[in-house]
1. Return the only residue of 160, 180, 171, 189 being farther than 14 Å from residue 222 by Cα, at pLDDT 95 or above and not small (Gly, Ala, Ser).
2. Quick one: in segment 160-195, which of the residues that are in contact with a helix residue (DSSP H, G or I) (Cβ under 9 Å, 6 or more places away or on another chain) and in a loop (DSSP other than H, G, I, E, B) is farthest from residue 148 (Cα to Cα)?
3. Tally time: how many residues in segment 123-133 are assigned to a loop (DSSP other than H, G, I, E, B) and open to solvent by 40 Å² or more (accessible area, probe 1.4 Å)?
4. Can you tell me which residue among 55, 105 is over 26 Å from residue 217 (Cα atoms) and touching a His at 6+ places or on another chain (Cβ under 9 Å)?
5. Which is more than 22 Å from residue 199 (Cα to Cα) and touching a Pro at 6+ places or on another chain (Cβ under 8 Å), of 126, 116, 103, 122?
6. For segment 104-122, give me each residue that is touching a Leu at 6+ places or on another chain (Cβ under 8 Å) and open to solvent by 30 Å² or more (accessible area, probe 1.4 Å).
Amino acid sequence: MINMKKIIIIIGLVLVLVVAGIFLISELTPKPTREKVFFTDNPSDWVYESPTDPAEVVVDTYLATEGSLKTLKSQQDYFTSEGLTSFFYQGMYKGEEFDSEYLPADFFNKTRGMGLSEKRALADELVAMSIGHEFDPHDGIINGFVLAREEEGRFVFYIFVDEDWKRELEFTNILWANDFRGKISQRPFDFSSGQNGVYIDKIENIGWYEASARRGGIVIGEISQSSLVALMRGDEQDITYMMVR
């Protein structure tokens, strides 16, 4: 007759071996990783593939600002020793305004009566342009983002656009001014620097955000000085851009 104590010991050993095997397999299974780089001044280090979705590219705002920036849907809040400074986004897609993502005008009629999950699924299919720090450079959606970063007591604005943006827009200009009613500066976006399908440029030496009534900002897109002036005048313009103010 088999000794019950021996049976228990054997079962215990088998369980230990099974658990050890599972742990070993888990440790040996390749996982998406990236080298950890903290609080670097190099913008390319802020842009990396998502560990959970290789198609997705992230601009790491925490890494870029040492945790000083909080991003909301169409707003950034930046905390400095002087207090809080907020920046606001808006966009235009082929002449139609939006906050953080552009959906066709009939989207809300199409989704009337749908649940939240159904609406979100349809929105993901129909969105044409998005402003935010998460990108898929090859999904056909125009993605852009502007990151405010304090450097030597002033804000520098880093601009990120993806491969879809570069491909879909005929040209991309950057326009900026402390007051759009006055002098407006303009230059082409510089596509020479990028990482993982996301291109990086920046604008510095601008301070519209210090005014109590903000009349300036930065505009990036298929836009020129003349079309911006016409838009401010109230004329309809078939243009595409994102703006931070």
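1. Only one candidate passes the filter, namely 160.
2. 181
3. 1
4. 55
5. Result: 126 is the single residue among 126, 116, 103, 122 that is more than 22 Å from residue 199 (Cα to Cα) and touching a Pro at 6+ places or on another chain (Cβ under 8 Å).
6. 104, 110, 114
For (1) acidic (Asp, Glu); (2) open to solvent by less than 70 Å² (accessible area, probe 1.4 Å); (3) under 20 Å from residue 46 (Cα atoms); (4) in contact with a Pro (Cβ under 7 Å, 6 or more places away or on another chain), each residue gets a yes or a no:
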| site | (1), (2), (3), (4) |
| --- | --- |
| 136 | yes, yes, yes, no |
| 177 | no, yes, no, no |
| 182 | no, yes, no, no |
| 193 | no, yes, yes, no |
| 228 | no, yes, no, no |
| 240 | no, yes, no, no |
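Every residue, every condition in (1) charged (D, E, K, R); (2) more than 21 Å from residue 92 (Cβ to Cβ), yes or no:
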position: 121; (1), (2): no, yes
position: 133; (1), (2): no, no
position: 144; (1), (2): no, no
position: 149; (1), (2): yes, yes
position: 168; (1), (2): yes, no
position: 171; (1), (2): no, no
position: 185; (1), (2): no, no
position: 219; (1), (2): no, no
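The values are calculated or read from the model by the stated rules, or taken from the named source; none is laboratory data. Predicted, not measured: the structure shown is a model, and the values here were computed from it. Neighbour counts run over all protein chains shown; Cβ positions are idealised from the backbone, glycine included. Only protein heavy atoms, including side chains, enter the accessible area calculation; ligands, DNA and RNA are left aside. Shrake-Rupley method; radii C 1.70, N 1.55, O 1.52, S 1.80 Å.
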